[in-house]
Amino acid sequence: MVDGCGLSRMNTITTYQLVEMLRAFAKDSSVFATFYKSLPIAGESGTIRKLAEGTEADGNLHAKSGTMARIKSYAGYVTTRSGKMLCFAMIGNNTLWTEEELRDKFEQLFILMARLP
């Protein structure tokens with residue numbers, strides 16, 4: 001890491017590394033509740049307040065988003081219909097889609113994840 005804010009183009013972290021961090025937090029009862037509550041909630045707060053409105057992911061998806069020119073990312077948690085919590089990290093980098101199109105594609109994935117049995 002070059003800086004603490006995560007905005008430097010010199011920062012490099014894989015989605016696998018992000019998911020492993022999220023999994024580690026979820027397994028640590030001393031920090032998870034506070035960390036989970038700090039994440040924006042789809043349809044309710046932060047930069048994802050307009051994401052997945054009126055769907056199974058609304059109020060269910062807890063995630064941090066990130067955006068730079070030609071880059072969109074999300075990392076967090078979503079709970080399936082059966083109550084299983086999934087952690088995820090998704091990064092779209094230098095795609096042919098617009099930022100809005102990429103956001104919509106991620107949103108569809110989040111909805112499908114929330115619909116999983």
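Scanning segment 72-117 for residues that are β-branched (Val, Ile, Thr), in contact with a Leu (Cβ under 9 Å, 6 or more places away or on another chain) and more than 24 Å from residue 32 (Cα to Cα) returns a single hit, 95. Scanning segment 66-117 for residues that are at pLDDT below 95 and at positive phi turns up 70, 94. Restricting 79, 95 to residues that are hydroxyl-bearing (Ser, Thr, Tyr) and farther than 21 Å from residue 22 by Cα narrows the list to 95. As a summary of the residue check, residue 115 satisfies the conditions (1) open to solvent by 80 Å² or more (accessible area, probe 1.4 Å); (2) free of Cβ contacts under 8 Å to residues at least 40 places away in the same chain; (3) of a type outside the set (Phe, Trp, Tyr) except for the one numbered (2). Those strands (runs of 3 or more DSSP E) of segment 1-100 in which at least 1 residues are open to solvent by less than 60 Å² (accessible area, probe 1.4 Å), of a type in the set (Val, Ile, Thr) and more than 26 Å from residue 115 (Cβ to Cβ), considering only elements entirely within it, cover 71-79.
The values are calculated or read from the model by the stated rules, or taken from the named source; none is laboratory data. Here the structure is a predicted model, which means the values were calculated and not measured. FYI the Cβ positions are ideal-geometry reconstructions off the backbone, even for glycines, and counts take in every protein chain you see. We work out accessible area using only protein heavy atoms, side chains counted, and drop any ligands, DNA or RNA first. Shrake-Rupley method; radii C 1.70, N 1.55, O 1.52, S 1.80 Å.
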